[in-house]
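Trainee: What follows is a structure written as structure tokens; I'll ask about it next.
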Amino acid sequence: MQVFDLESNSLRELNATLHEQKSNTNKGKWEVQNPRGRHAIAVGLDTAMDVRVMGSTGYYLGGMNQKAHITVDGSVGPGVAENMMSGTITVEGDASQYAGATGHGGLLVIKGNASSRCGISMKGIDIVVFGDVGHMSAFMAQSGNLVVCGDAGEALGDSLYEARLFVRGSVKSLGADCMEKEMRKEHLDILSKLLKTSGSKAKAEEFRRYGSARKLYNFNIDNAY
């Protein structure tokens, strides 16, 4: 285990050091101490390594992540896992706005609650939230899976494309072109796998599925001004 203390070293030095580990397989596990809300920790990683951040962070934790497995022993600010490509990011606490925004792949697990616009414009990422999500979550979500073990706020799935949304609790309101859909075996299988992988004890049968009504795919004169 390699230890990097942000109390005595700079954030730039941390990220540069992590980026240098591509060929050094002897330094595959890292512990980052004293993050104290700093922004852009462990961004742009593209190597299979384990990084554990011992405390809460600011903006854009793990942005553009590829292959790395990042765990935060605390909460995170806006934009965690933004544009993530692969690997995993696990947040033991809560997440602020637009968690997993534009994510293309990988798995983001939030063991607390997520704020507004969770999964906005997601493009293939899987997101599992143990608690609740705020308003406008999965806005313009294109593909991937958003799993909410708690409740969802207003305008869930507004302007949704083909992402799948699974909610265990209540939904305050659905956004434009989002509707409840049948939960078929294929969806139960996908959901069961995500719940198991993320460590959630919830059962797939307890969830409802939401998706696109596909009414916004084609031009409608009634929507023109």
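What follows draws every value from the coordinates through simple rules; no lab data is involved. For clarity, every value in this text was computed on a predicted model and none was experimentally measured. Reconstructed Cβ throughout: ideal geometry from the backbone, glycine too, with neighbour counts over all protein chains shown.
Trainee: Using only the Cα atoms, work out Rg/Rh for the range 2-214, with Rh taken as the Kirkwood radius, to two decimals.
Mentor: 1.00
Trainee: How many percent of DSSP beta bridges within the range 77-225 run antiparallel, rounded to 5?
Mentor: 25 percent
Trainee: Between LYS181 and MET1, what is the spin-label point distance in nm, taking each point 7 Å from the Cα along the Cα→C-beta axis?
Mentor: Simple spin-label model gives 4.3 nm for this pair.
Trainee: Zone of LYS172 (label point 7 Å along Cα→Cβ, backbone N under 19 Å): which residues in the range 128-154?
Mentor: 129-141, 147-154
Trainee: If amide hydrogens are placed 1.01 Å from N in the peptide plane, which non-local residues have theirs closer than 5 Å to the one on ILE89?
Mentor: Answer set, sorted by chain and number: ILE70, LEU107, LEU108, VAL109.
Trainee: On to the next question. What list of ³J(HN,Hα) couplings, whole Hz, do you get for the range 84-92 from phi and the Karplus terms 6.51, -1.76, 1.60, once you set θ to phi - 60° and write x for glycine and proline?
Mentor: 5, 9, 6, x, 9, 10, 10, 10, 6
Trainee: Quick one: Debye curve from the C-alpha atoms of the range 137-222, no solvent, what's log10 I(q)/I(0) at q = 0.16, 0.17 Å⁻¹?
Mentor: -0.58, -0.65
Trainee: For helix 185-198, what angle does its Cα long axis make with the longest principal axis of the chain, in degrees from 0 to 90 and rounded to 10?
Mentor: 20 degrees
Trainee: Still on this model: What do the square roots of 5 times the Cα gyration tensor eigenvalues come to for the range 1-85, in whole Å, largest first, as semi-axes of the equivalent ellipsoid?
Mentor: 18, 15, 10
Trainee: Something else about it: When the chain is modelled as a GNM with alpha-carbon springs shorter than 10 Å, which of SER212, SER192, SER75 fluctuates the most?
Mentor: Top of the fluctuation ranking is SER192.
Trainee: With N residues in the range 126-166, what two-decimal value do you get for its Cα radius of gyration over 2.2 N^0.38 Å?
Mentor: Taking N as the residue count of the range 126-166, the ratio is 1.01.
Trainee: Okay, moving on. At a Cα cut-off below 22 Å, give the lysines reachable from LYS181, other chains included and same-chain residues fewer than 8 away excluded.
Mentor: Cα-Cα hits under 22 Å: LYS123, LYS172, LYS193, LYS203, LYS215.
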